[in-house]
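Q: Take a look at this one; I'll ask things after.
The values are calculated or read from the model by the stated rules, or taken from the named source; none is laboratory data. Because the structure is predicted, anything quoted here is derived from the model rather than measured. FYI the Cβ positions are ideal-geometry reconstructions off the backbone, even for glycines, and counts take in every protein chain you see. With ligands, DNA and RNA removed, areas are computed over all heavy atoms of the protein, side chains included. Shrake-Rupley method; radii C 1.70, N 1.55, O 1.52, S 1.80 Å.
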Amino acid sequence: MWQDIVVFCKWLGTTRLSHDMAGGWHWGWPTCETLHFVGLSLLLGCIGVVDLRMLGVAKSMPGGPIHKLVPWAVLGFAINVITGALFFIGAPFQYLTNVAFLF
């Protein structure tokens, strides 16, 4: 199975998108990093507020308006999935040898 993953990563590294992300498009990586940070901020910020409300920190605030933040958190998650996939496509072996990524 590990060999299949290595073969897939070798192939992935030869694709046009991988080349563009790895430096072929000068602004590709920085743009994705910025979007990744925005997505993470949306995800953690919105879910953090919902979690604090569920823990009873802001008891005076009604739950309905706070739960309207959940779609924004889902948007943040979607942004992170897309940009994270682009990061992996751009440098597959950088992530394949990273223990934290594999975990």
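Q: Determine whether G23 is within 19 Å of the chain's Cα centre (by Cα) and either at negative phi or not aliphatic (A, V, I, L, M) (or both). Walk me through it before giving the result.
A: Details: within 19 Å of the chain's Cα centre (by Cα): no; either at negative phi or not aliphatic (A, V, I, L, M) (or both): yes.
No, not satisfied.
Q: A100 fails exactly one of the following numbered conditions: (1) within 15 Å of the chain's Cα centre (by Cα); (2) surrounded by 13 or more Cβ atoms within 10 Å (Cβ to Cβ). What is the number of that condition?
A: (2)
Q: Go through the residues of region 71-93 one by one and say whether even a single one is over 19 Å from L40 (Cβ atoms) and open to solvent by 60 Å² or more (accessible area, probe 1.4 Å).
A: yes
Q: Further question on the same structure: I'd like the full set of residues that are at pLDDT below 85 and touching a Gly at 6+ places or on another chain (Cβ under 9 Å), limited to region 23-35.
A: G23
Q: Among (1) touching a Gly at 6+ places or on another chain (Cβ under 7 Å); (2) open to solvent by 40 Å² or more (accessible area, probe 1.4 Å), there is one condition K59 misses while meeting the rest; what is its number?
A: Here K59 meets the rest and fails (1).
Q: Within region 3-56, restricting attention to residues that are open to solvent by 40 Å² or more (accessible area, probe 1.4 Å) and assigned to a loop (DSSP other than H, G, I, E, B), which residue is farthest from T83 (Cα to Cα)?
A: Looking at the filtered set, the residue picked out is L55.
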